[in-house]
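Q: Below is one structure. I have some questions about it.
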Amino acid sequence: MTRTTIGWLTGSLVHARPLTKSARSLTFEVPGWPGNAAGQHVDIRLTAPDGYQAVRSYSIASVGAGEDIELAVDRLPDGEVSPFLVDDLELGDQIELRGPLGGWFVWRPEQRAPIQLIAGGSGVVPFVAMLRAHAASGCSAPMQLLYSLRTPDDALFRDELVRNSARTRTTWHYSRAVPPGWSRAAGRLTTQDLRAETLPPEDLPLTYVCGPSGFVEAVASGLVELGHSADNIRIERFGGN
Amino acid sequence: MAVFGGRRQRGDNPALPPGQFLTGSFPVLSAGPTPSVSAADWEFTIRTETGKTHRWNWAQFMALPSEIISADIHCVTSWSKLNTAWRGVSLDTFFDDVETESDFVMAHSYGGYTTNLPLKEVLNGQAWIAHEYDGKSLDPEHGGPARLLIPHLYFWKSAKWVRGLVMQNKNAPGFWERNGYNLHGDPWREERYS
Ligand SMILES: Cc1cc2nc3c(=O)[nH]c(=O)nc-3n(C[C@H](O)[C@H](O)[C@H](O)COP(=O)(O)OP(=O)(O)OC[C@H]3O[C@@H](n4cnc5c(N)ncnc54)[C@H](O)[C@@H]3O)c2cc1C
């Protein structure tokens, strides 16, 4: 049996900007980075001065060749790693990365099926890469996004999603608080919402669902209930319950 | 420069393979929706290279001698959970009457998932079909009604919603193994990715 382990690369933080009160976009320059497809992720490894290490996975918002990769991290209040990445990491600081990882939760320009993306919270990150890849390739297969958020202030990449809406329509859903004048009350995304706001099974879409585990589980079973074939649903869970 | 503090849950626990971290929760890795399979419809088969198929329905499965298994499980996403408690039937029991010359098996699940395994690594008390976790019947999200349990390999090898094993002469890759994961998956050798 061959032993294959992808080695760790070193990345330096070269650009950072806040996305929301709790989320930050981080761009690392990673010499030796082989490029990535839309939807893939990296493992990030942090090492404390005494040698203690922690590893977490983060989706890649950027796509394609080049040695710069953009991540977007949302701070979990009691988390071990995310508060460090969002609040502490400074320009020029180095971390280790392994990847790109995952060959299933990806979108490639040669795909022809209509695409429905469904994100919960920071689950939008791999979809930002997919929207960018879709735009860059000029692919004519339709792609649209349903983005479920707690409150309007929690949107990651809102400006980019709005700017891109002629090409990829984003439908917004709010679970805790809605913007002024919004036509409906805040609430969990239901199967009825999915029926109203996503591509129907008759269009034979490929549907990608990403976000916290509970969100992903609920949306995926809602899609099956609506008549989507399980084979046409791809999921990525970010964790939590 | 920012200095990472971390929580040091790892310590020097000898039960943790390299690059793994302890978790108290039960992380879930899957690629598609959770299939709904009732025990009444459940069937488990082993098909050999001659085409002979051995079958068990739920009642026959329940009638086989089961064991309580305490195991450390290691997910490729770097999480490990120690001393998990399962009940299940050893694959040795299922293989009692199976004649095969093949060295490999492909496990198939309800929902279409597959994973490849060397036969010698699922015999001799190393693998089970588990139907209880922590004293309760197995949640669909964790693979219920029944899943493979192969604690010595990364947990994607412990196929959820298992419905059968097909003997194969070559070690053809299963689902995750075709999508970037290692053909074998030994956590102690960090065989994570291909
Ligand atoms: C493939 C993959 C891609 C990911 N991509 C991203 C990404 O692009 N952006 C991003 O911000 N995160 C992403 N995550 C989640 C990320 O890996 C970490 O789990 C997250 O940052 C929390 O780590 P932490 O160390 O801060 O918290 P921990 O110390 O690990 O956990 C603190 C507590 O929060 C719970 N928890 C862990 N993860 C979540 C979650 N996602 N939601 C709710 N509760 C949780 C834990 O069970 C624990 O109780 C991804 C996860 C995976 C598996």
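Q: Hey, can you tell me all the residues within the stretch A:58-76 that are within 7 Å of the ligand (Cβ to nearest atom) and part of a strand (DSSP E or B)?
A: A:58, A:59, A:71, A:72, A:73, A:74
Q: So, one more: For the stretch A:37-44, does any single residue satisfy the condition of being in contact (Cβ under 8 Å) with a residue 12 or more places away in the chain and more than 10 Å from the ligand (Cβ to nearest atom)?
A: For the stretch A:37-44, residues in contact (Cβ under 8 Å) with a residue 12 or more places away in the chain and more than 10 Å from the ligand (Cβ to nearest atom): present.
Q: Tally the residues that are more than 8 Å from chain B (Cβ to nearest Cβ) and touching a Gly at 6+ places or on another chain (Cβ under 7 Å), restricting the search to the stretch A:217-239.
A: Result for the stretch A:217-239: 1.
Q: Taking the residues in the stretch B:167-178 that are within 11 Å of another protein chain (Cβ to nearest Cβ) and in contact (Cβ under 8 Å) with a residue 12 or more places away in the chain as candidates, determine which candidate is surrounded by the fewest Cβ atoms within 10 Å (Cβ to Cβ).
A: Per the stated criteria, the residue is B:171.
Q: Restricting the first residue to the stretch B:111-129 and requiring it to be closer than 26 Å to residue B:41 by Cα and touching a residue at least 40 places away in the same chain (Cβ under 8 Å), which pairs with a second residue that is among the polar types (S, T, N, Q) and outside any helix (DSSP H, G or I) meet a Cβ separation below 6 Å and a spacing of at least six or different chains?
A: B:116/B:171; B:128/B:90
Q: Looking only at residues that are more than 11 Å from chain B (Cβ to nearest Cβ) and in a loop (DSSP other than H, G, I, E, B) in the stretch A:30-57, which one is nearest to residue A:106 (Cα to Cα)?
A: Selected residue: A:39.
Q: Just one of (1) within 12 Å of the ligand (Cβ to nearest atom); (2) modelled with pLDDT of 95 or more; (3) in a loop (DSSP other than H, G, I, E, B) trips up residue A:83, so point out which.
A: Of everything listed in (1) within 12 Å of the ligand (Cβ to nearest atom); (2) modelled with pLDDT of 95 or more; (3) in a loop (DSSP other than H, G, I, E, B), residue A:83 misses just condition (3).
Q: Could you tell me how many of the residues in the stretch A:12-29 are of a type in the set (Gly, Ala, Ser) and closer than 29 Å to residue A:110 by Cβ?
A: Selection size over the stretch A:12-29: 1.
Q: Right, another one. Would you mind stating whether residue A:96 is surrounded by fewer than 20 Cβ atoms within 10 Å (Cβ to Cβ), within 12 Å of the ligand (Cβ to nearest atom), touching a residue at least 24 places away in the same chain (Cβ under 8 Å) and not assigned by TED's automatic domain parsing to the domain that holds residue A:201?
A: Considered against the rule, which asks whether it is surrounded by fewer than 20 Cβ atoms within 10 Å (Cβ to Cβ), within 12 Å of the ligand (Cβ to nearest atom), touching a residue at least 24 places away in the same chain (Cβ under 8 Å) and not assigned by TED's automatic domain parsing to the domain that holds residue A:201, residue A:96 comes out as no.
Q: Another question, if that's okay. List, please: which pairs have Cβ atoms under 6 Å, are six or more places apart or on different chains, and start with a residue in the stretch A:203-218 that is at positive phi and end with one that is crowded, with 20+ Cβ neighbours inside 10 Å and of a type outside the set (Phe, Trp, Tyr)?
A: These pairs meet every condition: A:211/A:119; A:211/A:120; A:211/A:121; A:211/A:123.
Q: Another question, if that's okay. For the stretch B:71-83, state whether one or more residues are at pLDDT 95 or above, part of a strand (DSSP E or B), of a type in the set (Asp, Glu) and surrounded by fewer than 19 Cβ atoms within 10 Å (Cβ to Cβ). Break it down into steps so the answer makes sense when it comes.
A: Within the stretch B:71-83, the subset at pLDDT 95 or above is B:71-74.
Of the ones still in play, those that are also part of a strand (DSSP E or B) are B:71-74.
Within this subset, residues satisfying the condition of being of a type in the set (Asp, Glu) are B:72.
Pick out the ones that are also surrounded by fewer than 19 Cβ atoms within 10 Å (Cβ to Cβ) and you get B:72.
Within the stretch B:71-83 (the criterion being at pLDDT 95 or above, part of a strand (DSSP E or B), of a type in the set (Asp, Glu) and surrounded by fewer than 19 Cβ atoms within 10 Å (Cβ to Cβ)), the answer is yes, since at least one residue qualifies.
Q: Could you pull out the residue among B:24, B:19 that is in a loop (DSSP other than H, G, I, E, B) and farther than 27 Å from residue A:234 by Cβ?
A: The conditions single out B:24.
Q: (1) within 18 Å of residue B:123 (Cα to Cα); (2) out of contact with any helix residue (DSSP H, G or I) (no Cβ under 8 Å at 6 or more places or on another chain): which one isn't true of residue B:140, the others all being true?
A: Against the list (1) within 18 Å of residue B:123 (Cα to Cα); (2) out of contact with any helix residue (DSSP H, G or I) (no Cβ under 8 Å at 6 or more places or on another chain), residue B:140 comes up short only on (1).
Q: Against the definition (surrounded by fewer than 20 Cβ atoms within 10 Å (Cβ to Cβ), modelled with pLDDT of 95 or more, more than 9 Å from the ligand (Cβ to nearest atom) and within 11 Å of chain B (Cβ to nearest Cβ)), how does residue A:13 come out, yes or no?
A: Working: surrounded by fewer than 20 Cβ atoms within 10 Å (Cβ to Cβ): yes; modelled with pLDDT of 95 or more: yes; more than 9 Å from the ligand (Cβ to nearest atom): yes; within 11 Å of chain B (Cβ to nearest Cβ): yes.
For residue A:13, the condition - surrounded by fewer than 20 Cβ atoms within 10 Å (Cβ to Cβ), modelled with pLDDT of 95 or more, more than 9 Å from the ligand (Cβ to nearest atom) and within 11 Å of chain B (Cβ to nearest Cβ) - is met.
Q: Right, another one. So which pairs qualify, if the first residue must be in the stretch B:147-158 and touching a residue at least 60 places away in the same chain (Cβ under 8 Å), the second must be part of a helix (DSSP H, G or I), the Cβ gap must be under 6 Å, and the two must be at least 6 apart or on different chains?
A: Hits for this filter: B:154/B:187; B:156/B:176.
Q: Sort through B:19, B:32 and tell me the only one that's surrounded by 15 or more Cβ atoms within 10 Å (Cβ to Cβ), out of contact with any Ser or Thr (no Cβ under 8 Å at 6 or more places or on another chain) and within 14 Å of another protein chain (Cβ to nearest Cβ). Before the answer, list the steps.
A: Numbers: B:19 fails: out of contact with any Ser or Thr (no Cβ under 8 Å at 6 or more places or on another chain).
Just one listed residue meets the conditions, B:32.
The values are calculated or read from the model by the stated rules, or taken from the named source; none is laboratory data. Computed from a predicted model, the values in this text were never measured in an experiment. We place every Cβ from the backbone using ideal geometry, glycine too, and count neighbours over all the protein chains shown.
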